[in-house]
Amino acid sequence: MNITLYDISVWVFPLLIAITFHEAAHAFVAYRLGDDTAWQLGRVSFNPLKHIDPFGTVILPGVLLLSHSPFVFGYAKPVPVNFRNLNHPRLDMVWVALAGPAINIVLATLVAFAFHALPLVPAEAAKWTADNLKNAFLINIVLAIFNMMPIPPLDGGRVAVGLLPRVLAYPLSRLEPYGMLILLGLLILLPVIGAQFGLNLDVISSILRTLTGYVISALLFVTGNA
């Protein structure tokens, strides 16, 4: 796969915007709900350098892309939240977790509306602008859907921990230190093992692609782009 400077120019900026707003939203909502840990560390910020994780944001997505992985993903530097400082720890944990995916859906919606302004862009910049908008639309939706998987430390896992009865929430929360290994196993290792036996075990990627497709169609319809 040959990645050109043009490819980088139309993917990096949308990706940085998506992860920066995602993490800043977590930090801002945590601050508003009583925990200033992230605020004190300067994470309520639109500076991408505050949120980039060298491995999760750059190396991992790059390796998956070059290896033709069926689903490319990555992660930013997690926002530190001391849930005991929140006004209502279990419920507020849900709001903090939802803030990231929610802002990505808002951004995707704004980008979809921006498609209507493309005829106003000068001809020499039209393709570059259109590709940035399309990639921003896709990245924000994929980031939101992927993060809502119910596996800690992903946002969906923390939402599940906050809403499930304690008898179920506690064992789920214990998975957090192993969450990324579980994800790598489900998304990469399991399909590879299945392929050795002639089985399609790429179930998680298929579910994520299907959900992403539904959200894309819904937002295009709502914003008049269908």
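Nothing in this text is a laboratory measurement; each read-out follows from the coordinates by a stated rule. This is a predicted model, so every value here is computed, not measured. Ideal geometry is used to build each Cβ from the backbone, glycine not excepted, and the neighbour counts take in all protein chains shown.
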Report Rg (one decimal) and Dmax (nearest whole number) for the chain, counting Cα atoms only, units Å. 18.5, 59
Nitroxide proxy distance, nm - points 7 Å out along Cα→Cβ at Thr129 and Ile182: 4.5
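For the chain, what are the DSSP H helices with axial Cα length of 15 Å or more and mean Kyte-Doolittle hydropathy of at least 0.0?
Working: long enough: 5-32 (40 Å, 1.09); 89-114 (38 Å, 1.53); 123-147 (36 Å, 0.60); 203-222 (29 Å, 1.80).
Sorted by number, the helices that extend far enough and score high enough are 5-32, 89-114, 123-147, 203-222.
Roughly how many debye, to the nearest 20, is the charge dipole of the chain about its Cα centre, given +1 on each Lys and Arg Cβ, -1 on each Asp and Glu Cβ, and no other charges?
Details: 12 positive and 11 negative charges, 81 e Å.
Approximately 380 debye in magnitude.
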What does the charge add up to near Ala99, with Lys and Arg as +1, Asp and Glu as -1, over the other residues with Cβ less than 14 Å from its Cβ? -1
Cross-link reach from Lys50 to lysines, straight Cα distance under 24 Å and at least 8 residues apart if same chain, gives Lys77
Please give the length that would be gained between His116 and Val63 if that part of the chain were fully extended, namely 0.36 nm times their separation in residues minus their C-alpha to C-alpha distance (nm, one decimal). 15.6 nm
Starting from 0.36 nm per residue, how many nanometres of slack lie between Leu163 and Ala195 once their C-alpha separation is accounted for? 7.9 nm
Give me the number: length gained by fully extending Ser206 to Ala226, i.e. 0.36 nm times residue separation minus the C-alpha to C-alpha distance, one decimal in nm. 4.9 nm
Rounded to the nearest 500, what is the 222 nm mean residue ellipticity of the chain from helices alone, with -39500 (n - 2.57) per DSSP H run of 4+ residues and division by all residues? -20000 deg cm²/dmol
